[in-house]
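Trainee: Here it is: the structure, laid out below.
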Amino acid sequence: MRTFLVLAVICLVIGFGCDRSAPSNASAGNAAITLQLNWLAEPQFGGFYAAAIDGEYARQGLDVTVQQGGASAPTIDMLAAGTVKFAIVSGDEILVARARGKKVVAIYAVYQTHPQGILTHAARGFQVIDDVFKTEGTLAMEQGLPYSNFLKAKFGLDKLKIVPSPAGDLSVFRSDPQYSTQCFVTSEPLAARKLGLDVKTFLIADAGYNPYATVLATTEDAWNNERATVVAMVKAVHAGWTKYIADPTAANRHMQTLNSTLDAETFAASAAAQLPLIDSGPAVGNMTRARWQTLADQLVELKVLNSHPPIDECFIDPAELLR
């Protein structure tokens, strides 16, 4: 289950070719817009659905359709190609895409702490994430992704047999006490406990790799030419997330009609489990230059990128949009 935000800025951002303090010539109007998710309707997208069912998009003059994704949904490519105006991506995807010439821009980050983690059997007695890599066993993990490259560089994989990710399937985990698997801490651990398993999870963010996740992104072109729409979208999304955090019940009920793989109890438990990951920053949706710089430096160190793109071209501070 997944791989889980300027209306007035008085500076010229290199590469955007526009003055962020300049007023937009385009109004939000009643634009028909698709927001493309990178996974199925689940609590990690609850605020986007809350904005729809509570009328926040309409209040901002927007006609938004929230479109579910799925496994390996190419949202960053859909966005760059102009197939959709807004999409959900991860922070590292933004940097990689910009380095490859794709003019995508982050405008709101739901998760301040990335939910990617490792699920283990509690009986193994692991206390910190390091223990997973110091002990012989099997780890199901998708290799080649930035976070897995980070773990390999930091801890090494010599003691582990690495196998492909089961994409949420807990069958092997259930039968093998020496088996650990990548997970989102808001999903697989809940499913494991429903099966009666005693589990423990470790956030990869605690090891030092913590990109923003569930990032709302648009294109540089949209920011330059349809600024009022971008601002309206961020305001609506922020209102939606504020409401969802306060009470997820209505949005959960709606999402369950779209995604019947989760029951009401799991929707509620997942919404509660993600709260510390969302509201751990100074404000919901917040992004900082320092966080982006750290991530960019890590991607270069990991050789994911030869060099990183200019940081100020990669995101727009949502706090400026919400003023």
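The values are calculated or read from the model by the stated rules, or taken from the named source; none is laboratory data. Everything numeric in this text was worked out from a predicted model, so none of it was measured. Backbone-built Cβ (ideal geometry, glycine too); neighbour counts: all protein chains shown.
Trainee: Do we find that G117 is assigned to a loop (DSSP other than H, G, I, E, B), over 15 Å from R291 (Cα atoms) and at pLDDT 95 or above in this structure? Spell out the reasoning first.
Mentor: Details: assigned to a loop (DSSP other than H, G, I, E, B): no; over 15 Å from R291 (Cα atoms): yes; at pLDDT 95 or above: yes.
When the stated conditions are applied, G117 does not pass them.
Rundown of residues vs (1) touching a helix residue (DSSP H, G or I) at 6+ places or on another chain (Cβ under 6 Å); (2) among the acidic types (D, E); (3) farther than 23 Å from A271 by Cα; (4) not in a helix (DSSP H, G or I), yes/no style:
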{"position": "A73", "(1), (2), (3), (4)": "no, no, no, yes"}
{"position": "L79", "(1), (2), (3), (4)": "no, no, yes, no"}
{"position": "T83", "(1), (2), (3), (4)": "no, no, yes, yes"}
{"position": "A87", "(1), (2), (3), (4)": "yes, no, no, yes"}
{"position": "E93", "(1), (2), (3), (4)": "yes, yes, yes, no"}
{"position": "A97", "(1), (2), (3), (4)": "yes, no, yes, no"}
{"position": "K102", "(1), (2), (3), (4)": "yes, no, yes, yes"}
{"position": "Y108", "(1), (2), (3), (4)": "yes, no, no, yes"}
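Trainee: Cβ contacts < 9 Å: first residue assigned by TED's automatic domain parsing to the domain that holds D176, restricted to the range 190-204; second residue surrounded by 19 or more Cβ atoms within 10 Å (Cβ to Cβ) and of a type in the set (D, E, K, R), any location; separation 6+ or different chain. Result?
Mentor: V199/E188; T201/E188
Trainee: Can I ask one more? Output the residues belonging to the range 170-224 that are β-branched (V, I, T), part of a strand (DSSP E or B) and closer than 20 Å to A123 by Cβ. Lay out the reasoning, then the answer.
Mentor: Pass one, the range 170-224, residues β-branched (V, I, T): 172, 181, 185-186, 199, 201, 204, 214-215, 218-219.
Next cut, part of a strand (DSSP E or B) only: 181, 199, 201, 214-215, 218-219.
Selection gives T181, V199, T201.
Trainee: Same structure again: Restricting to the range 264-307, name every residue that is in contact with a Leu (Cβ under 8 Å, 6 or more places away or on another chain), closer than 27 Å to L321 by Cβ and not in a loop (DSSP other than H, G, I, E, B).
Mentor: Within the range 264-307, G285, W292, L295, A296, L299 qualify.
Trainee: Can you confirm whether S72 is of a type in the set (S, T, Y), buried (at least 23 other Cβ atoms within 10 Å of the Cβ) and either modelled with pLDDT of 95 or more or within 16 Å of the chain's Cα centre (by Cα) (or both)?
Mentor: Judged against the criteria, S72 is not a match.
Trainee: Scanning for something surrounded by fewer than 16 Cβ atoms within 10 Å (Cβ to Cβ), among the hydroxyl-bearing types (S, T, Y), over 30 Å from A97 (Cα atoms) and out of contact with any Pro (no Cβ under 8 Å at 6 or more places or on another chain), does the range 162-180 turn up at least one residue?
Mentor: Scanning the range 162-180 turns up at least one residue that is surrounded by fewer than 16 Cβ atoms within 10 Å (Cβ to Cβ), among the hydroxyl-bearing types (S, T, Y), over 30 Å from A97 (Cα atoms) and out of contact with any Pro (no Cβ under 8 Å at 6 or more places or on another chain).
Trainee: Considering the range 36-47 alone, what residues qualify as being touching a helix residue (DSSP H, G or I) at 6+ places or on another chain (Cβ under 6 Å) and either at pLDDT 95 or above or surrounded by fewer than 18 Cβ atoms within 10 Å (Cβ to Cβ) (or both)? So that I can check it myself, show each step before the final result.
Mentor: At the first step, the residues of the range 36-47 found to be touching a helix residue (DSSP H, G or I) at 6+ places or on another chain (Cβ under 6 Å) are 36-38, 41, 43, 46-47.
Q36, L37, A41, P43, G46, G47, listed by residue number.
Trainee: While we're here: Among the residues in the range 280-293, are any among the aliphatic types (A, V, I, L, M), more than 17 Å from the chain's Cα centre (by Cα) and surrounded by fewer than 20 Cβ atoms within 10 Å (Cβ to Cβ)? If you could, list the steps in order and put the result at the bottom.
Mentor: Filtering the range 280-293 for residues among the aliphatic types (A, V, I, L, M) gives 283-284, 287, 290.
Applying the additional criterion that residues be more than 17 Å from the chain's Cα centre (by Cα) yields 290.
Filter again for surrounded by fewer than 20 Cβ atoms within 10 Å (Cβ to Cβ), leaving 290.
Yes, some residue in the range 280-293 is among the aliphatic types (A, V, I, L, M), more than 17 Å from the chain's Cα centre (by Cα) and surrounded by fewer than 20 Cβ atoms within 10 Å (Cβ to Cβ).
Trainee: Sort out which residues of the range 211-266 are β-branched (V, I, T), at pLDDT 95 or above and surrounded by fewer than 16 Cβ atoms within 10 Å (Cβ to Cβ), and write them in order of number.
Mentor: Answer for the range 211-266, where residues must be β-branched (V, I, T), at pLDDT 95 or above and surrounded by fewer than 16 Cβ atoms within 10 Å (Cβ to Cβ): T249, T257.
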